[in-house]
Each structure stands twice: as structure tokens, then as C-alpha cells.
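Below is one structure, written out as C-alpha cells; the observations come after it.
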Amino acid sequence: MPRAAVVIPTRNEEQSIARVIAEIRSGFVGTRYNAIDIVLADDSSDRTRRVARELGAIVVPGGGEGLGVAMYRGLKAAAQLGPDVIVAVDGDGQADAVAEIKRFLAPIERDEADLVLGSRFLDHGLVKYPYRWINRFGTRVLSAFLRAQTGLPLTDSHGGIRAMRPEVAADLDLLGTQTYVQESILDAVEKGYRVTEIPSVWRKREH
């Protein structure tokens with residue numbers, strides 16, 4: 001039975017987590033994956049964990065050391081479940097999991113990539129709300145750094161959804177406590193994994 005694991009980093013997302021989990025499950029409808037494990041990498045002080053557990057999620061304590069550590073723990077826990085693919089989706093609801101999960105799985109299914117990244121800037125109109133210029137400037141700087149380090153034509157430094165083969169997560173070495181997204185890209189490239197970037201919609205945060 002083909003199995004998928006989905007890692008969601010969360011910190012006080014009790015108002016959005018139920019919707020995110022529902023959208024993730026809907027996003028896998030029609031795929032070959034018959035078993036979906038939801039893994040919450042959580043640093044919350046509200047009811048996020050309780051809501052997620054009631055919806056069947058596995059909760060992994062994030063450790064309170066930042067997004068990087070939380071995602072590292074979540075990915076390692078997901079890899080140990082023995083999935084055929086791992087997807088990471090932000091817990092704030094800005095990624096459109098229903099519409100996009102199949103698109104992120106496709107390059108892996110076609111054996112074209114080992115790690116699929118999302119970019120909000122590959123096409124026009126992907127960001128569905130006014131994006132602050134200072135945030136865009138920071139993204140440009142980080143993307144330029146990633147291009148220089150990897151030689152890949154990357155346009156976004158931290159999209160809200162990605163897919164990977166389980167080996168990428170199992171082999172991941174992480175040093176920073178906050179820079180998980182950038183470090184995981186560098187780590188994958190250094191270890192010879194194929195990395196590709198596809199357009200990804202970014203919705204306005206509702207909560």
C-alpha cells in the first residue's frame with residue numbers, strides 16, 4: 001500500500017490546523033497513496049496539538065528551539081514511518097494543499113526530482129495579497145544566495161509547500177534553528193539529490 005507522510009510545522013495554529021489537515025487529505029484524493037500519515041512538528045501553547053490529535057495526527061514536540069529544529073524532528077519522525085514520499089506543508093493555511101499536492105508529487109512520480117520546491121515568484125499573480133516590499137527584498141537576497149551556492153535557478157527561498165523522497169529527509173543534516181528551508185536545500189544539493197522548483201500559490205493568512 002503506497003504511503004505518504006505529511007509534516008506540518010505549527011506554533012499556536014489552533015484556528016487554522018483543522019482546515020490545513022482537511023485540505024491535505026483532500027489533496028491526496030485521486031493519487032496512488034492510500035495511507036496518509038500527518039505529522040505535526042509542534043511548539044504550541046494553545047490547543048493546536050489537541051485539535052490535531054483529535055483529527056488523527058501524530059504530534060512530535062518541536063523542542064522550542066525554532067522552526068529549523070521543529071522541522072528537523074518532524075521530517076526524521078516522518079521518515080521513520082516508512083513512507084514512499086514526504087510532503088511538508090506550512091501550518092498557517094497559506095499553501096493551497098488541495099490544488100497543489102498533486103503538482104508537487106508529479107516530478108517525483110516521473111522520476112525527475114528528489115526534492116520539489118514551491119516558488120511564489122516563478123509566475124505573476126501567485127501571491128494573492130499585497131506582499132510587503134521588505135519581505136520581497138529579503139526573499140530576493142536569500143534566493144540569490146541559494147543560486148550562488150547551488151548553481152540552480154531558484155527564485156524563492158522559502159515556499160510553504162514541498163515534496164521529497166524519504167531518503168532526502170532521512171539523510172538531512174541541520175545546523176541552524178531557524179534557517180531550515182535554506183539549509184535543507186543546500187544539504188540536498190550537496191548530497192547529490194535532484195532539486196527542482198515549480199510555481200506555487202500563496203494565499204493570505206486568515207488567522
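The values are calculated or read from the model by the stated rules, or taken from the named source; none is laboratory data. Owing to the predicted nature of the structure, the values given are computational and were not obtained by experimental measurement. Methodologically, a virtual Cβ is constructed for each residue, glycine included, from the backbone with ideal geometry; neighbour enumeration extends over all protein chains shown. What goes into the accessible areas is simple: the full protein's heavy atoms, side chains included, and nothing from ligands, DNA or RNA. Shrake-Rupley method; radii C 1.70, N 1.55, O 1.52, S 1.80 Å.
Listed values, structure above:
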quantity: Residue list for segment 1-22, filter: surrounded by fewer than 20 Cβ atoms within 10 Å (Cβ to Cβ) and within 17 Å of Ile86 (Cβ to Cβ); calculated: Met1, Pro2, Arg3
quantity: Filtered residue count, segment 76-100, keeping only those that are assigned to a loop (DSSP other than H, G, I, E, B) and touching a Gly at 6+ places or on another chain (Cβ under 6 Å); calculated: 2
quantity: Segment 7-52, residues that are under 23 Å from Tyr180 (Cβ atoms) and of a type in the set (Ser, Thr, Tyr); calculated: Thr10, Ser16, Ser44, Ser45, Thr48
quantity: Qualifying residue in segment 9-21 (condition: outside any loop (DSSP other than H, G, I, E, B), of a type in the set (S, T, N, Q) and modelled with pLDDT under 95); calculated: yes
quantity: Qualifying residue in segment 88-100 (condition: more than 18 Å from the chain's Cα centre (by Cα), open to solvent by 10 Å² or more (accessible area, probe 1.4 Å) and farther than 19 Å from His158 by Cβ); calculated: no
quantity: Which listed residue, of Arg32, Arg103, Arg73, is in a helix (DSSP H, G or I) and either exposed (fewer than 15 other Cβ atoms within 10 Å of the Cβ) or at pLDDT 95 or above (or both); calculated: Arg103
quantity: In segment 78-87, residue surrounded by the fewest Cβ atoms within 10 Å (Cβ to Cβ) [restricted to those that are under 15 Å from Leu172 (Cβ atoms) and of a type in the set (Gly, Ala, Ser)]; calculated: Ala79
quantity: Where a residue in segment 33-56 is more than 12 Å from Val7 (Cβ to Cβ) and its partner, wherever it lies, is assigned to a loop (DSSP other than H, G, I, E, B) and small (Gly, Ala, Ser), with Cβ under 8 Å and at least six apart; calculated: Asp43/Gly62; Asp43/Gly63; Asp43/Gly64; Thr48/Gly91
quantity: Odd one out for Ile58 among (1) closer than 23 Å to Arg103 by Cβ; (2) within 18 Å of the chain's Cα centre (by Cα); calculated: (1)
quantity: Residue that is at pLDDT 80 or above, under 22 Å from Val85 (Cβ atoms) and not in a loop (DSSP other than H, G, I, E, B), where the choices are Leu142, Leu117, Leu146; calculated: Leu117
quantity: Which listed residue, of Gly56, Gly27, Gly68, is modelled with pLDDT of 95 or more and within 19 Å of Leu117 (Cβ to Cβ); calculated: Gly27
